[in-house]
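**Student:** Shown below is the structure under consideration.
Every number in this text was worked out from the coordinates using simple rules, so none of it is lab data. Given the structure is predicted, the values throughout are model-derived calculations rather than measurements. Counting neighbours? That spans all protein chains shown, and the Cβs are built from the backbone with ideal geometry, glycine included.
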2 protein chains.
Amino acid sequence: MKTIDVCLSPDLMHLYDVQDRTVVVVDILRATSCMVTAFANGVDSITPFSNLEACKSMKTKGYITSGERDGKKVVGFDKGNSPFEYTGEDIRGKKIAFTTTNGTQAIEKATGARKIIIGSFLNLSSVAKYLLFGQNSVLIICAGWKGKVNLEDTLFAGAIMEKLKNHVEADCDAPLAAQHLYNLAKNDMVKFLSNSSHVKRLNRLNIEKDIAYCLTPDKYQIVPTLVQGVLVA
Amino acid sequence: MKTIDVCLSPDLMHLYDVQDRTVVVVDILRATSCMVTAFANGVDSITPFSNLEACKSMKTKGYITSGERDGKKVVGFDKGNSPFEYTGEDIRGKKIAFTTTNGTQAIEKATGARKIIIGSFLNLSSVAKYLLFGQNSVLIICAGWKGKVNLEDTLFAGAIMEKLKNHVEADCDAPLAAQHLYNLAKNDMVKFLSNSSHVKRLNRLNIEKDIAYCLTPDKYQIVPTLVQGVLVA
């Protein structure tokens, strides 16, 4: 039987051997939710950068530059980290260079994995199906917040566990913990997360609408995949 | 208001500033449960060692040597990691040198904290009272399993959160996640943990009795404290 594990923080990635695994990178609020939205709206590719300046320099090569640090758009970048910035015609067919506080760092830490895909609630069932029909064991990397564990990414991991529970075996306790938390939260995730640290942080930025959107399951049927350092649909 | 945070793995300790905090080290199965049991049975002191050979060498200085690696007693040591080895008259007034796979490493990572104390379900309410009446903010370090997050230590963190919830503020999401899991588990922790990775590992060693004992709350009213590298009651 295939196995599944959950890495609750990118700072624990040294504990996991990814070379035979499909790795799902998740940063619900908001990097991977933005990425999935962008592909659903016809973007050609997204190149993730952990380094801010490297990302910025891609503007001269015709890329749309997208970035966030500490939840706020970076000065001089075309777009920030709200999914609603990725729903318009202006991105269709374009290439995006993307950097965020946690999400793009998590993608970098997945280097060496057999496959790397992008997960969010927006494409939850499509990711689950991809994992189910794939041959590889699974590792979900939660982007967290500056290395600390967060609830929203953990809930996504739990949702995947819940969908795959009859087909995969948990490697360790983190998938079980995530699954318990998801089952507690699933009937009203917005309410469940209202006390979470990152939701409080985001509420100060007035983006309740973003949060509700990012917690909406199965809005899109795409699975962005990293191919030679570039995400494609 | 004092704050509380939970470090779910010793490998995340670099994220936490402990100098103004009381740090609670917890390794429910079984290091800190053994330590609390030993003090309740009259041991004079316990010196934790992360290094196996350094621990072993203390035998020549009159110490009882206690140790475990991968859940099994170390050859040549006086005692292993079952709490029932620490209930007899033979340890009264003695000094113990102690090394374990996870617990004693977690103590070492807490170096620099304002105070370091030892927590287990066996002394749960005493630890909660100690934290409540102390001035410092709190960090609970879960020993985990070789860096990975485990359920039993997380449940202890959640039990402390539940007891202190009206008096402390969570710094981040980990205390909230732990509290949710504890509230799910509290009516039958043995059953809740029956699928956990470490309980499965220990069941292969035939120590169901140890597990039930280690999950018993409030058997003792002591709070072992680290003073200059040595634990005293």
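**Student:** Restricting attention to segment B:199-215, does a residue exist that is under 28 Å from A:Leu151 (Cα atoms), basic (Lys, Arg), within 11 Å of chain A (Cβ to nearest Cβ) and outside any strand (DSSP E or B)?
**Tutor:** Yes, segment B:199-215 contains at least one residue that is under 28 Å from A:Leu151 (Cα atoms), basic (Lys, Arg), within 11 Å of chain A (Cβ to nearest Cβ) and outside any strand (DSSP E or B).
**Student:** Looking at segment B:165-198 only, could you name the residues that are at the interface with chain A (Cβ under 10 Å from one of its Cβ atoms), hydroxyl-bearing (Ser, Thr, Tyr) and assigned to a helix (DSSP H, G or I)?
**Tutor:** The one that is at the interface with chain A (Cβ under 10 Å from one of its Cβ atoms), hydroxyl-bearing (Ser, Thr, Tyr) and assigned to a helix (DSSP H, G or I): B:Ser197.
**Student:** Quick check on my filter: what residues within segment B:1-49 are among the small types (Gly, Ala, Ser), more than 14 Å from chain A (Cβ to nearest Cβ) and touching a residue at least 60 places away in the same chain (Cβ under 8 Å)? It would help to see each step written out before you state the result.
**Tutor:** Taking segment B:1-49 as the starting set, the residues that turn out to be among the small types (Gly, Ala, Ser) are B:9, B:31, B:33, B:38, B:40, B:42, B:45.
Filter once more, so that each one left must be more than 14 Å from chain A (Cβ to nearest Cβ): B:31, B:33, B:38, B:40, B:42, B:45.
Passing the criteria: B:Ala31, B:Ser33, B:Ala40, B:Ser45.
**Student:** Here's a follow-up. Somewhere in segment B:75-87, is a residue touching a residue at least 60 places away in the same chain (Cβ under 8 Å) and in a loop (DSSP other than H, G, I, E, B)?
**Tutor:** yes
**Student:** Could you please give the count of residues in segment B:5-19 that are part of a helix (DSSP H, G or I) and touching a Cys at 6+ places or on another chain (Cβ under 9 Å)?
**Tutor:** 3
**Student:** Limited to segment B:173-198, what total is found for residues that are of a type in the set (Asp, Glu) and closer than 25 Å to A:Gly144 by Cα?
**Tutor:** 1
**Student:** Could we say that B:Ser66 is crowded, with 20+ Cβ neighbours inside 10 Å and part of a helix (DSSP H, G or I) here?
**Tutor:** Judged against the criteria, B:Ser66 is not a match.
**Student:** Which one is nearest to A:Ser33 (Cα to Cα), of the residues in segment A:198-227 that are free of Cβ contacts under 8 Å to residues at least 60 places away in the same chain and under 18 Å from the mean Cα position of the chain (by Cα)?
**Tutor:** It comes out as A:Ala212.
**Student:** For segment A:159-192, which residues satisfy the criterion of being surrounded by 15 or more Cβ atoms within 10 Å (Cβ to Cβ) and among the basic types (Lys, Arg)?
**Tutor:** Within segment A:159-192, just A:Lys163 meets the criteria.
Residue-by-condition table, conditions (1) closer than 16 Å to B:Ser9 by Cα; (2) among the polar types (S, T, N, Q):
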{"site": "B:Trp145", "(1), (2)": "yes, no"}
{"site": "B:Glu169", "(1), (2)": "no, no"}
{"site": "B:Ala178", "(1), (2)": "yes, no"}
{"site": "B:Tyr182", "(1), (2)": "no, no"}
{"site": "B:Ser194", "(1), (2)": "no, yes"}
{"site": "B:Val223", "(1), (2)": "no, no"}
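**Student:** With the requirement that a residue be of a type in the set (Gly, Ala, Ser) and within 11 Å of A:Pro224 (Cα to Cα), what does segment A:107-128 give you?
**Tutor:** Answer for segment A:107-128, where residues must be of a type in the set (Gly, Ala, Ser) and within 11 Å of A:Pro224 (Cα to Cα): A:Gly119, A:Ser120, A:Ser126.
**Student:** Follow-up. Please determine, by comparing only the residues of segment B:89-137 that are polar (S, T, N, Q) and under 13 Å from the mean Cα position of the chain (by Cα), which one is surrounded by the most Cβ atoms within 10 Å (Cβ to Cβ).
**Tutor:** Among those residues, the one meeting the criterion is B:Ser120.
**Student:** Residues A:Val138, A:Val149, A:Val74: which one is within 13 Å of another protein chain (Cβ to nearest Cβ), in contact with a helix residue (DSSP H, G or I) (Cβ under 7 Å, 6 or more places away or on another chain) and of a type in the set (A, V, I, L, M)? Lay out the reasoning, then the answer.
**Tutor:** Numbers: A:Val138 fails: within 13 Å of another protein chain (Cβ to nearest Cβ); A:Val74 fails: within 13 Å of another protein chain (Cβ to nearest Cβ).
One residue alone meets the criteria, A:Val149.
**Student:** Go through (1) within 24 Å of A:Met1 (Cα to Cα); (2) within 14 Å of chain B (Cβ to nearest Cβ); (3) aliphatic (A, V, I, L, M) and name the single condition A:Ala159 misses.
**Tutor:** (2)
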